Amino acid sequence: MNRTVCQQIGVLLLSAFSRLRVIGLLAALLCSWCAGAAYATPVTLTFSGTDLIVIGEFFLGSGGQNPGLVPQNDWQFAPLFDPASGTAVTATVSYDTNQPDTNAGGGYSVYRLGSVSLEIPGIGLSISQSSSPSDINDMQISASASPVPQFYVAAAGSFDPGNVANFSNSVGLPEPYSFEALFDVVDGSLTDNTLPTTPLDWTNGEFSFIFTASDGSLRNVVLDFTPNSPAAPEPSTLSLTFVILSLCLGRVVFSRRHGANR
């Protein structure tokens with residue numbers, strides 16, 4: 001092999017090596033971007049319940065009424081939920097974990113940015129709400145690891161005329177003033193008061209719908225239900241990051257092997 005051929009081969013190898021370094025750098029940058037994008041993706045928790053029970057209708061202490069159970073003969077809203085008794089419900093909560101706890105250091109966290117939807121198909125009920133930096137008082141998402149582990153979300157219905165919830169039903173219920181969902185969580189599912197990033201193992205759920213009654217009082221209809229099934233495993237943000245990194249690393253290895261075989 002003469003010197004010229006050796007030089008040409010050396011130039012080609014150097015060029016190939018340079019291309020591989022560029023590809024590796026680009027792949028590393030892509031991995032970093034993908035991991036960041038995955039982390040920024042909102043977490044979504046879905047709670048599927050069954051055996052809905054109408055607990056009752058309660059005064060909230062407004063309109064001159066004392067807090068407590070409304071006499072059953074005076075219930076205006078709770079009976080409209082009766083057709084859904086014993087049926088299934090669903091709650092879906094979404095949020096980005098990259099937001100401040102506005103109650104840092106307290107017994108529970110308070111996060112303000114997210115979205116929530118509640119479904120009670122037995123009465124065709126669907127309600128959803130979301131918040132934004134300009135409507136932070138329309139949403140509260142809270143976690144408490146102790147003394148009673150709970151996950152809670154509350155949202156405005158007609159409370160904020162500028163951001164009324166999307167609401168529909170088939171039994172004549174008016175737009176609620178606000179609505180809430182509360183879940184009793186198994187010990188250990190919440191290690192602290194930060195927003196969870198994986199499905200929660202829970203034992204009991206509660207929906208609350210607050211309506212304005214004809215006498216001006218605020219009435220809270222409380223519904224209770226149990227889990228439909230254990231929380232199904234969902235890919236966590238961390239798992240998704242590992243998948244992306246694996247794909248990226250696989251691409252680098254493939255590029256190197258492919259380049260070596262050229």
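The values are calculated or read from the model by the stated rules, or taken from the named source; none is laboratory data. The structure displayed is predicted, hence computed values, not measured ones. Neighbour counts are summed over all protein chains in view; Cβ atoms, including those assigned to glycine, are modelled from backbone coordinates with ideal geometry.
Structure notes:
- Given (1) outside any loop (DSSP other than H, G, I, E, B); (2) surrounded by fewer than 20 Cβ atoms within 10 Å (Cβ to Cβ), index of the condition F159 fails: (1)
- Any hit, region 114-123, residues being surrounded by 19 or more Cβ atoms within 10 Å (Cβ to Cβ) and part of a loop (DSSP other than H, G, I, E, B): yes
- Restricting S94, S109, S132 to those that are closer than 29 Å to L190 by Cα, assigned by TED's automatic domain parsing to the domain that holds S48 and buried (at least 19 other Cβ atoms within 10 Å of the Cβ) reduces the list to S109.
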